[in-house]
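Only one structure is covered here, and it is reproduced in the block below.
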Amino acid sequence: NLLSDWEDVLSLLRQFKNLQRVSVASNRINDLSPACMEGFSMTGMIHLNLNSTNISFKTVQLIAKTMPNLEELCVAHCDLSDVECCADATNDDGNNTTAFQNLLLLDLSDCNLTSWERQILPFRNFEKLESLILNDNRIDDITIPNDEIIFPKLMSLQLAGTSISSWSAIDSINGIPALRSLRLRNTPLTSLLGVGEVRSTVIARIPNLEFFNASRAPERERVEAERRYVSNVARELLMISSGALLSTTDQSVNDEKDGDDEANAKQKHIHARHPRFQSLLKKHKETMMSSSLSSDPSTGNIGDDVIGLTIRSMAASSCDMEPLRKRIPRSLKVGRIKTMCARAFKLDIDLQLLHFRIETDPFPTELDDEDHTLAYYGVTDGAEVLMNEIDVEARAREKARQSEEHDRRVEEQEQHVAVLQSMQKSDHRTNLLATEMSQNKV
């Protein structure tokens, strides 16, 4: 539609007072005026989509008054940066009447929000809010007040495409008591890490998380993630202790004391950066010690770095063959797995397409880079690797289709440009003719 005025929208809504779901997304209707809303009310409205409508937060506040039973509100791609300048987001004009008290889902994706404290916390008292979507906002940190419970029912939080750059922000999420699902990708924090490393670390840092990036985190994966996290932090602490011992060798007593103080300060800093370390160490200490004793003592690695895999062929020529069952290090590269498959299932490496799946995973994950390790993709103990055969003919047909589609789009664009140029020339001739006629009249 080409709606450009709220008067038109409200006129339509007045004709259908029992509407429950309305979308005016992508209509540039700008902000509401209070005068338009006088006498207007839609208590039955439960879903409203205002994505890409060029509104500000003032309009959101007006909507809160007229649609008190709203359960889902989508205002993505609108500039809501004025939220910090308005009255408390949970109140109507700053009084004590709570707004959006029935809201379950709030989509604030790409709303030009930059501050968690000033622009997100004003929504903290939405008592029934279960899902909050903050994708593609330049929020770089998360702080949770220690003296209050915020977002008491919030179960799902989406932070993809934000500016989160520190693990302390992720640790702060533990202050949201009901949180069970988190989406975090395309951020400065995750851009330099492997997919598997990010997933493992987030699961270890947030104890109640059940879904990460829309994929379930089963109990087995959580145990492995927490043990790996403890191992990494313990190794970091050990390196500091070892460095302090080496630096104080053959030094005076005063120098030795200064070295100990510096090492203690570094260890305190590490503990501050990893607030769950002590509790996880206590939880997994016994099992980790037994695992390390059963592994090679000369390597110093914990047994969790070796995982059990089932490698199964899905190719037509070998799908009836027995699967491989191997215990291999997580540091093994995907290219080595392909070599194993080539020997076992007699399929050329160039024709292999590998995926892996873990228990309860709805969809397999592609292992698309031979130079990355299993740890990079987050392959865990008990996972299943599936080898498929690439259909060369289908791939050639797909490339040909994409080439034809590209040529068609280029041709359409060229035709469109030609039409525009023709219209511009026609307009130019018309203007010249009008100018000549006006000059002749003068």
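Keeping the other protein chains in place, figure out the carbon and sulfur percent of the accessible area of the stretch 331-442, with a 1.4 Å probe. On the stretch 331-442, the fraction of accessible area on carbon and sulfur atoms equals 50 percent. A straight Cα-to-Cα reach below 20 Å connects LYS333 with the lysines LYS346, residues fewer than 8 places away in its own chain not being considered. In the elastic network of the chain, a GNM with C-alpha springs shorter than 10 Å, the most mobile of ASN125, ASN112, ASN27 is ASN27. Candidate cross-link partners of LYS425 among the lysines, defined by an alpha-carbon separation under 29 Å and a same-chain spacing of 8 or more, comprise LYS441.
Within the listed set ARG222, ARG183, ARG327, the Gaussian network model of the chain (springs between alpha-carbon atoms below 10 Å) gives the highest mean-square fluctuation for ARG327. Between THR287 and ASP261, the modelled labels are 4.2 nm apart [label points 7 Å from Cα along Cα→Cβ].
Residue-wise HN-Hα couplings along the stretch 263-272, as the Karplus relation 6.51 cos²θ - 1.76 cosθ + 1.60 with θ = phi - 60° gives them from phi, are 5, 5, 5, 5, 5, 5, 5, 5, 4, 5 Hz; Gly and Pro carry x.
Scale the Cα Rg of the stretch 144-242 by the rule-of-thumb value 2.2 N^0.38 Å and send over the ratio, two decimals. Display every interim value, and only then the final one.
On the way: Rg = 14.2 Å, N = 99, 2.2 N^0.38 = 12.6 Å.
For the stretch 144-242, the normalised Cα radius of gyration is 1.12.
Axis of helix 57-66 versus longest Cα principal axis of the chain: the two differ by about 80°, to the nearest ten degrees.
Note: relative contact order over the chain, using C-alpha pairs below 8 Å and six or more positions apart, is 8 percent. Under a no-solvent Debye model with one identical scatterer per Cα of the chain, what's log10 I(q)/I(0) at q = 0.11, 0.12 Å⁻¹? Values, matching the q order: -1.06, -1.13. Rounded to whole numbers, the Karplus 3J(HN,Hα) couplings from phi for the stretch 394-402 are 5, 5, 5, 5, 5, 5, 5, 5, 5 Hz, using 6.51 cos²θ - 1.76 cosθ + 1.60 with θ = phi - 60°, and x at Gly and Pro. Ignoring solvent entirely, what values of log10 I(q)/I(0) come out of the Debye formula for the stretch 82-234 at 0.09 Å⁻¹ when each Cα is a single scatterer? The calculated log intensity ratios at q = 0.09 Å⁻¹ are -0.29.
Ignoring lysines fewer than eight residues from LYS282 along the same chain, the ones with Cα atoms less than 30 angstrom from its Cα are LYS153, LYS257, LYS266, LYS268.
Adding -39500 (n - 2.57) for every DSSP H run of four residues or longer, then dividing by how many residues the chain holds, sets the calculated 222 nm ellipticity at -13000 deg cm²/dmol. Could you work out, for the stretch 24-156, what percent of all Cα-Cα pairs fall into each 10 Å distance bin, beginning at 0 Å and stopping at the bin that holds the largest distance? Percent of Cα pairs in each bin: 12, 46, 35, 6, 0. With loop membership from DSSP and a limit of 12 other Cβ atoms within 10 Å, the longest segment of the chain without GluC sites (Glu not before Pro) is 149-442.
The values are calculated or read from the model by the stated rules, or taken from the named source; none is laboratory data. Just so you know, these numbers come straight off a predicted model, no measurement behind them. Every residue, glycine among them, receives a Cβ derived from its backbone with ideal geometry; neighbour counts consider all protein chains shown. Note: accessible area is taken over every heavy atom of the protein model, side chains too, but ligands, DNA and RNA are not part of it. Shrake-Rupley method; radii C 1.70, N 1.55, O 1.52, S 1.80 Å.
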